[in-house]
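Q: One structure, pasted below without further comment.
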Amino acid sequence: MAERNNDGTYLKLPVKRYAARTIRETAEGRYWKAYKAPSLLNQVSQVTCVDFADVYPYALAATSSARVTVYNSTTRRVQKTFTRFKDIAYSGVLRSDGRAMVVGGQMGAVQLFDMSSRSILRKFTLHTRAVRAVRFSPQNYTQLCSGSDDGTVRVWDVSAGACTRRHDGHTDYVRSIEGHPTSTDTWASGSYDHTVRLWDGRDNSAGGAGMKLDHGAPVEDIAWLPGGSLLVSVGGQDVCVWDILGGGKLLQRLRCHQKTIMTAFIAPDGGPPPVLDDAMLANGGGGYARSAMARTAPRLLTGSLDGHVKVHELDTFTVTHSAKYPGPVLALALSPDANALAVGTANKLLSIRRRTKPREQLDAP
C-alpha cells in the first residue's frame, strides 16, 4: 500500500499487522492430530480399496490395479503381494481372522485366496461384468456377497462353491455391498441408480428386495452403524443416514465435502475415550462407567475427491475433525485397535498413519 504525495510520488506505508487468531484446540482435535509420521507408499495405480483384518497384528490389504498388497500395519512393510490377476482387481478384503481374502475383478470373477499359501481356494464366474464390491458375511466365514456392474447382487456359499442367492433390482452399476452386523440373511447394496437396497435371504418375493432407499445421487459406498439399526450411504456431495428399523426413514442428510464422497467407514470405537463428568465419578458412575458402551466412541469417517478425510461423531453427526491428503481420496479404513489409519488416493499413494501414543494407553485409568 502507498500514499500519493502532491508531487506525484508515492510513499510506502507500513503493512498493518493483526494479532494471530487464537483457535481453541479440542480434545477431539488433539486426538486425531496424534496420527503422525505418515508413510506415503507408492502404488502401481490408484488405490481403490483398503481393508484391515480384525485380529492382531491387523494386516492391511491395499488394492491397486492388478495387484493386492498386504502390509504389516505396525511396521508398514510388505508381507505378501497377490498378482495372480488377468485384469484389474477390485475390493480386496480380508476375512475377519486374517486367514483368507476375497477379491473382485474387471472380467466378473470373484476369487477367494488362502493368505498363507496365496493359492486360489475358490473362483466364482457367474457375473457378466466387473465386480467392484465383495464382502465376507460378518457372522459366517463360508458366505460371501458380491455386487457387479451387471446390476446383480449374488450370495455365494464357499463350502459348496455355488451361488445360493441372486438379487435383481438395481438398474445400474452396483458399487458397494455390506452385510448386516447381526443378521446373516440381510445384505445392503448401493448402486449408481441412486438407490440403496436391502436384501433379505428369507424373502422369496421380488428377489428378496425388502427395502429401497433413494439417496438422490450415484451411491459410492455404504456402511452399517453398530447394532444394525442405522445405515449410512455416501455419493455425490451427500452423506445420508437412514433409520432401517423405522422403515427406512431419512434421519440426516449431511453435506460437508466439496466434491464427490467416495468412501465411508464406521469405526465402532475410533474416537477419543469418553470422559465421565464429576457427578458420575462421585457416585461410582451409577453403572454407566462399567458399561461397555460408556467406554466406546464410535465415529464415521468419510473420504472425498476433494482430498479431505472428515470425522463425524454419531450423536449429532457433526464434523469433529478434518485432514487434508495429497490427492483425491478413494478408500479409507481405521484399524480395529484404532492405532493405524490407512487412506488410498487416486494419484497412486497409500498413506498409513500411526498414533504416536497407542490408544489403549488412553483407555487406561
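The values are calculated or read from the model by the stated rules, or taken from the named source; none is laboratory data. Since we're looking at a predicted model, the values are computed, not measured. So basically every Cβ, Gly included, is an ideal-geometry build from the backbone, and we count neighbours across all protein chains shown. Surface areas here come from the heavy atoms of the whole protein model, side chains and all, with no ligands, DNA or RNA. Shrake-Rupley method; radii C 1.70, N 1.55, O 1.52, S 1.80 Å.
Q: Looking only at residues that are in a strand (DSSP E or B) and of a type outside the set (K, R) in the range 120-129, which one is nearest to S159 (Cα to Cα)?
A: The initial filter retains those residues of the range 120-129 that are in a strand (DSSP E or B), namely 120-124.
Filter once more, so that each one left must be of a type outside the set (K, R): 120-121, 124.
Numbers: I120: 14, L121: 10, F124: 12 Å.
If we take residues in the range 120-129 being in a strand (DSSP E or B) and of a type outside the set (K, R), then L121 is nearest to S159 (Cα to Cα).
Q: I'd like the full set of residues that are modelled with pLDDT of 90 or more, in a strand (DSSP E or B) and not aliphatic (A, V, I, L, M), limited to the range 201-233.
A: K212, D214, D221, W224, S233
Q: In addition: Please return the ranges of strands (runs of 3 or more DSSP E) entirely within the range 8-55 where 1 or more residues are among the basic types (K, R) and modelled with pLDDT under 95.
A: 10-12, 35-42
Q: Just one of the numbered conditions (1) assigned to a loop (DSSP other than H, G, I, E, B); (2) of a type in the set (S, T, N, Q); (3) within 23 Å of F317 (Cα to Cα) is not true of T184; which one?
A: Just one mismatch for T184, condition (3).
Q: Scan the range 223-268 for residues that are surrounded by 20 or more Cβ atoms within 10 Å (Cβ to Cβ) and of a type in the set (D, E) and report the count.
A: Residues that pass the stated criteria total 0.
Q: Of all residues being of a type in the set (S, T, Y) and within 14 Å of V134 (Cα to Cα) in the range 158-178, which is most open to solvent (accessible area, probe 1.4 Å)? Just the residue, please.
A: Y173
Q: Right, another one. Tell me the residue from Y31, Y71, Y35 that is more than 16 Å from R99 (Cα to Cα), surrounded by 14 or more Cβ atoms within 10 Å (Cβ to Cβ), touching a Lys or Arg at 6+ places or on another chain (Cβ under 7 Å) and touching a residue at least 24 places away in the same chain (Cβ under 8 Å), please.
A: Answer to the check: Y35.
Q: Here's another thing I want to ask about it. Hey, does the range 103-112 have a residue that's open to solvent by 10 Å² or more (accessible area, probe 1.4 Å), assigned to a strand (DSSP E or B) and within 16 Å of V174 (Cβ to Cβ)?
A: For the range 103-112, residues open to solvent by 10 Å² or more (accessible area, probe 1.4 Å), assigned to a strand (DSSP E or B) and within 16 Å of V174 (Cβ to Cβ): absent.
Q: Assuming Y56 fulfils every condition listed in (1) loosely packed, with under 14 Cβ neighbours inside 10 Å; (2) touching a His at 6+ places or on another chain (Cβ under 8 Å) apart from one, which condition is it?
A: (2)
Q: Shifting gears a bit: Looking only at the range 130-157, count how many residues are open to solvent by 30 Å² or more (accessible area, probe 1.4 Å) and outside any strand (DSSP E or B).
A: Taking the range 130-157 and keeping what is open to solvent by 30 Å² or more (accessible area, probe 1.4 Å), we get 132, 135, 138-143, 150, 157.
Then keep just the ones that are outside any strand (DSSP E or B); that gives 138-142, 150.
Final tally of qualifying residues: 6.
Q: Tell me whether the range 93-107 contains one or more residues that are touching a residue at least 12 places away in the same chain (Cβ under 8 Å), of a type outside the set (S, T, Y) and closer than 16 Å to I352 by Cβ. Step through it out loud before you land on a result.
A: Our first condition is that a residue be touching a residue at least 12 places away in the same chain (Cβ under 8 Å); within the range 93-107, this holds for 93-107.
Checking which are of a type outside the set (S, T, Y) leaves us with 93-95, 97-107.
Next, only the ones that are closer than 16 Å to I352 by Cβ stay: 94.
Yes - at least one qualifying residue is present in the range 93-107.
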